[in-house]
Amino acid sequence: MGEIIEKDKNVVVPGDELASGMDFLPSFGTYRDGDKIVASRLGLVSFEGKVVKIIPLSGRYVPKRGDTIIGRVEDVSYSGWRISTNCAYPALLSVKDATMQFIPKGADLTRFFDIGDYLVAKIMNVTSQKLIDLTCKGPGLRKLHGGRILEVNTNKVPRIIGKQGSMVGMIKQATGCRITIGQNGVVWLDGEPKSEIIAVEAIRKIEDESHIPGLTERIKQFLEEKTGKKIEMQAMTQESHDHEQYDHEPAMEQ
Amino acid sequence: MTYSKRNDGRKFDELRPIEAKAGVIKRANGSAYFRIGKTTAYAAVYGPRDLYPKFKQNPKAGIIRVNYSMMPFSGSGERVRPGGSRRSKEISMVTEKALLPVLNLEEFPNSVVDVFIELPQTDAGTRCAGICAAAIALADAGIPMKDLVAAVSVGKVDDKIVIDLDYSEESYDAEVADIPVAFVQRTGMLTLLQMDGPVTREELKKGLEMGREALKKIYAIQKKALKEKYTGEEK
């Protein structure tokens, strides 16, 4: 019978022994060394039954199929657009996945997306060599007009979104900003200049304090203080669905 | 004649005071500060990111690129010419090779992890301090790695085997050997071993044994620094 060495949700660093015994299974961020399970990444250790994995706290975005991301158009070619994704690899958005509109042969593609435009897209596929295929067809996937772009730690994205979008819903409700969060750690927000600043501050606060318990309550207080409005919890989960943020599940799962 | 007492009063197997900190450079993906005695190293990790020129890309795994640099005012003697030199190029290379065995870069084909090591103040043992700082910074950057790497110099001053030589010992007016070593703690693998000066087989063995013992302490300090970044600021 194996034994657990590190407590669940402890911060561990590469080389830390997490558990011993052959009945444990190494998952994301861990490896087996003899009968020990050892961390290979910095993060929080998590035991799910006999499966041991690491919830990362740092690191750049790694593209995953099904993720909704915000990218910037880098280049326009014959067959599509090259999009920078805030990770080590650029993505491709081909003409046939770009828009619902009809694109005639030989049309000027910059009419749809020009260099420097930001867009919300979904990752259709990622190959072993990390070639990324995007699609812009789907609910909430679109070109972004105006607003501002914010870069956050991609590992904190689930916390900024909150359970069923509760956290981002709260910020939206308090500030009246439209907010879209990409899994790649790029956030777009648009609203009144003053409330935009409050929203940015709130997001930065979540990023900095996400590991301290009682986050939602503190953010709520912060927002109420800044906006001078009372925030009613609940009922906002539905609202946050009207546009943007279709991807809250990946919260903690890898 | 014999070297009976160390210049700074340390025991022969005693390290200089060490301080380590993770996450000191905000815009880097991972960073660390490592001080041992008067030698101070900063390491910043960027990436994994796009790698150019393209012929350097490896489709099977990412690569690591280290840049070691001593700041012009860092030494106690002559001003160090800024920019790369033959020496810094060599140290960058050995640092790369000391760190590579623990990294798992298969997840990042065609990309690069850049490590910049800067030394604002030096008093011997810079490549070891650089490796220690880089290991912390890489872990802080969330790069998958099997273990941390710790490094220290061992050597012989006159007739005594010592660890962690400072500059006064390296330039001691007698036979001096300076041997930087780096170990992976879990496997006991040696990832860096350079030798400057004459030692016998037995002396080298004894030195490595002493180094291995000392590195356990450095390894613990590295781990503590990383954990402090994420747990220390609680409440």
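The values are calculated or read from the model by the stated rules, or taken from the named source; none is laboratory data. Keep in mind that this is a model prediction, so the values were computed, not measured. A quick note on method: Cβ atoms are made from the backbone with ideal geometry, for glycine too, and the neighbour counts reach across all protein chains shown.
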Query raised in the report: Any idea which of B:Lys223, B:Lys217 is within 14 Å of chain A (Cβ to nearest Cβ) and either without any contact (Cβ under 8 Å) to a residue 12 or more places away in the chain or among the charged types (D, E, K, R) (or both)?
Result: B:Lys223
Query raised in the report: Would it be correct to say that B:Ile25 is of a type in the set (Val, Ile, Thr), more than 12 Å from every other protein chain (Cβ to nearest Cβ) and crowded, with 21+ Cβ neighbours inside 10 Å?
Result: no
Query raised in the report: Going by the conditions given, is A:Ala88 hydrophobic (A, V, I, L, M, F, W, C), outside any strand (DSSP E or B), in contact with a Gly (Cβ under 8 Å, 6 or more places away or on another chain) and not assigned by TED's automatic domain parsing to the domain that holds A:Val200?
Result: yes
Report task. Would you be able to tell me the number of residues in the range A:38-62 that are away from chain B (no Cβ under 11 Å) and under 30 Å from A:Arg142 (Cα atoms)? Result -> 0
Report summary line: Considering only helices (runs of 4 or more DSSP H) wholly within the range B:117-235, the ones with at least 2 residues that are surrounded by fewer than 21 Cβ atoms within 10 Å (Cβ to Cβ) and of a type outside the set (S, T, N, Q) are B:167-170, B:201-227
Requested in this report: Kindly indicate whether B:Ala124 is modelled with pLDDT of 95 or more and either within 11 Å of another protein chain (Cβ to nearest Cβ) or more than 11 Å from the chain's Cα centre (by Cα) (or both).
Outcome: no
Query raised in the report: Are any of the residues in the range A:55-69 small (Gly, Ala, Ser) and under 30 Å from A:Asp16 (Cβ atoms)?
Result: yes
Requested in this report: Have a look at A:Ile103, A:Ile115, A:Ile171, A:Ile149 and point out the one that is closer than 21 Å to A:Ala202 by Cβ, of a type outside the set (S, T, N, Q) and surrounded by fewer than 16 Cβ atoms within 10 Å (Cβ to Cβ).
Outcome: A:Ile149
Query - Meets criteria (assigned to a strand (DSSP E or B) and within 17 Å of the chain's Cα centre (by Cα)) for B:Ala98 - result: no
Report task. Just name the residue that is nearest to the chain's Cα centre (by Cα) out of those in the range B:144-167 that are free of Cβ contacts under 8 Å to residues at least 60 places away in the same chain and closer than 27 Å to A:Ser58 by Cα. Result -> B:Val149
Query - Checking B:Met93 against (1) of a type in the set (A, V, I, L, M, F, W, C); (2) surrounded by fewer than 16 Cβ atoms within 10 Å (Cβ to Cβ); (3) on the phi > 0 side of the Ramachandran plot, the condition it does not meet - result: (3)
Query - Unique residue being in contact (Cβ under 8 Å) with a residue 12 or more places away in the chain, among the hydrophobic types (A, V, I, L, M, F, W, C), more than 30 Å from A:Lys226 (Cβ to Cβ) and part of a strand (DSSP E or B) when the list is A:Leu141, A:Leu93 - result: A:Leu93
Report task. State whether one or more residues within the range A:71-83 are closer than 23 Å to B:Gly30 by Cβ and not polar (S, T, N, Q). Result -> no
**Report entry** Residues (among the β-branched types (Val, Ile, Thr) and within 14 Å of another protein chain (Cβ to nearest Cβ)) located in the range A:121-135
**Finding:** A:Val126, A:Thr127, A:Ile132
